[in-house]
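The values are calculated or read from the model by the stated rules, or taken from the named source; none is laboratory data. Everything quoted here is computed from the prediction, not taken from an experiment. No Cβ is skipped: glycine too gets one built from the backbone with ideal geometry, and neighbour counts run over all protein chains shown. Heavy atoms of the whole protein, side chains included, go into the accessibility calculation; ligands, DNA and RNA do not. Shrake-Rupley method; radii C 1.70, N 1.55, O 1.52, S 1.80 Å.
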Amino acid sequence: MKGLYFQQSSTSEEITFVFQERENLPVTKDNYVKLKVKACALSPINTKLLAEMKMEKDFFPVGREVAGIVLEVGSKVSFFQPDDEVVGILPLDSEDPGLCEVVRVHEHYLVHKPEKVTWTEAAGTVRDGVRAYTALHYLSHLSPGKSVLIMDGASALGTIAIQLAHHRGAKVISTACSLEDKQCLERFRPSIARVIDVSNVKTHVAESCLEETGGLGVDIVLDAGVRLYTKDDEPAEKLQLLPHKHDIITLLGVGGHWVTTEENLQLDPPDSHCLFLKGATVAFLNDEVWNLSNVQQGKYLCILKDVMEKLSTGVFRPQLDEPIPLYEAKVSMEVVQKNQGRKKQVVQL
């Protein structure tokens, strides 16, 4: 039984993905279940976070968003039994790679998969569903009638966030990074209030949002990264398509919520003063926030269940790439790690 792992060079940040043979898993104990993996979605590995959490290993397991069938349950498991179809996200400290035929996982990281939801849909939606739900429900208190700006709406996260905002009765504005993305977003039903093509150099995000809201500004912004400095000081990869932090502050309305994915966001005193005058707030969307806080496990399970319910009822319609077999996972992970893919990639086992 083989599993996919990554190894980081000690002299550089270069990551190498390798398949390794694994021993048969021992008998399942306590609150753990043994899971036959049917599908596993691919997401970039945050090596910086692993280093900060002192979780570095010679070989680190790859693949955490899994859907599969329960094979065995431990003596203390109360939520599942053999043959149950489940979905979940393996914890950050999991010893088993999701890109493997069989894994062990604590029952508190899993929920039942609805019957009408496919394996690839379940695995491909669970992480972005949790992220969108965290950003719009817990961090910005989305409610009917609010105006929401979703940056890079054609991305895997952006797609789910738009659908969740529409479901909650919000007015959605989104940015597109290319003409193809713009056409994709214009096909959304219900329709997006405005699609801003940021690949057009003449388009200004702040002006477009203020125009769409009658000068009031938007209530909620979910960014996909921001530029912090001038063009001369910013890394080349950030120069294109990302708004400057001043643009975000400008387009925020009174009492607005800015949810950022920029972990190194720097606000100068004038920026903070402008936010203060607007009574606006800034929140950070940490992908692992639920994973790092065990006391919130009950809320986390509620989110997982709600994501699956919305998927089964058609509220969430993820943009997934064609499923790939396990033997192609190494090459696909290399692409995902470089953030070169657009649609969510799922491995079918």
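Would you point out which residue out of Ala161, Ala123 is modelled with pLDDT of 95 or more, touching an Asp or Glu at 6+ places or on another chain (Cβ under 7 Å) and buried (at least 24 other Cβ atoms within 10 Å of the Cβ)?
Working: Ala161 fails: touching an Asp or Glu at 6+ places or on another chain (Cβ under 7 Å).
Within the list Ala161, Ala123, the selection yields Ala123.
Is one or more of the residues making up the stretch 194-207 modelled with pLDDT of 95 or more, outside any loop (DSSP other than H, G, I, E, B) and over 26 Å from Ala41 (Cβ atoms)? No, the stretch 194-207 contains no residue that is modelled with pLDDT of 95 or more, outside any loop (DSSP other than H, G, I, E, B) and over 26 Å from Ala41 (Cβ atoms).
Scanning the stretch 131-158 for residues that are β-branched (Val, Ile, Thr) and at pLDDT 95 or above yields Val148, Ile150. The criterion of at least 1 residues that are among the hydrophobic types (A, V, I, L, M, F, W, C), in contact with a Pro (Cβ under 9 Å, 6 or more places away or on another chain) and surrounded by fewer than 20 Cβ atoms within 10 Å (Cβ to Cβ) is met by the following strands (runs of 3 or more DSSP E) wholly inside the stretch 1-116: 65-73. Each residue in the stretch 265-291 was checked for being open to solvent by 30 Å² or more (accessible area, probe 1.4 Å), more than 23 Å from Ala67 (Cβ to Cβ) and within 18 Å of the chain's Cα centre (by Cα), and 2 of them qualify.
How many residues does the stretch 168-193 contain that are among the hydroxyl-bearing types (Ser, Thr, Tyr) and in contact with an Asp or Glu (Cβ under 7 Å, 6 or more places away or on another chain)?
First pass over the stretch 168-193, keeping only residues among the hydroxyl-bearing types (Ser, Thr, Tyr): 174-175, 178, 191.
The next check asks that each one be in contact with an Asp or Glu (Cβ under 7 Å, 6 or more places away or on another chain); those that pass are 175.
Residues flagged as among the hydroxyl-bearing types (Ser, Thr, Tyr) and in contact with an Asp or Glu (Cβ under 7 Å, 6 or more places away or on another chain) within the stretch 168-193 amount to 1.
Applying a threshold of 7 Å to beta carbon distances and a minimum spacing of six or more residues, or different chains, the list of pairs starting in the stretch 315-329 at a residue that is among the small types (Gly, Ala, Ser) and ending at one that is open to solvent by less than 60 Å² (accessible area, probe 1.4 Å) and outside any helix (DSSP H, G or I) reads Ala329/Leu4; Ala329/Leu99; Ala329/Val347.
Pull up the stretch 12-59, narrow it to residues that are polar (S, T, N, Q) and either closer than 23 Å to Val347 by Cβ or assigned by the TED database to the domain that holds Asn264 (or both), then point me to the one that is farthest from the chain's Cα centre (by Cα). So the residue we want is Asn24. Screening Arg342 on (1) part of a helix (DSSP H, G or I); (2) open to solvent by 70 Å² or more (accessible area, probe 1.4 Å) shows it passes everything except condition (1). Scan the stretch 148-196 residue by residue and report those that are among the small types (Gly, Ala, Ser) and without any contact (Cβ under 8 Å) to a residue 60 or more places away in the chain. Listed by number, the residues that qualify are Gly153, Ala165, Gly169, Ala170, Ser174, Ala176, Ser178, Ser191, Ala193. The lone criterion from (1) small (Gly, Ala, Ser); (2) open to solvent by less than 50 Å² (accessible area, probe 1.4 Å); (3) at pLDDT below 90 left unmet by Ala236 is number (2).
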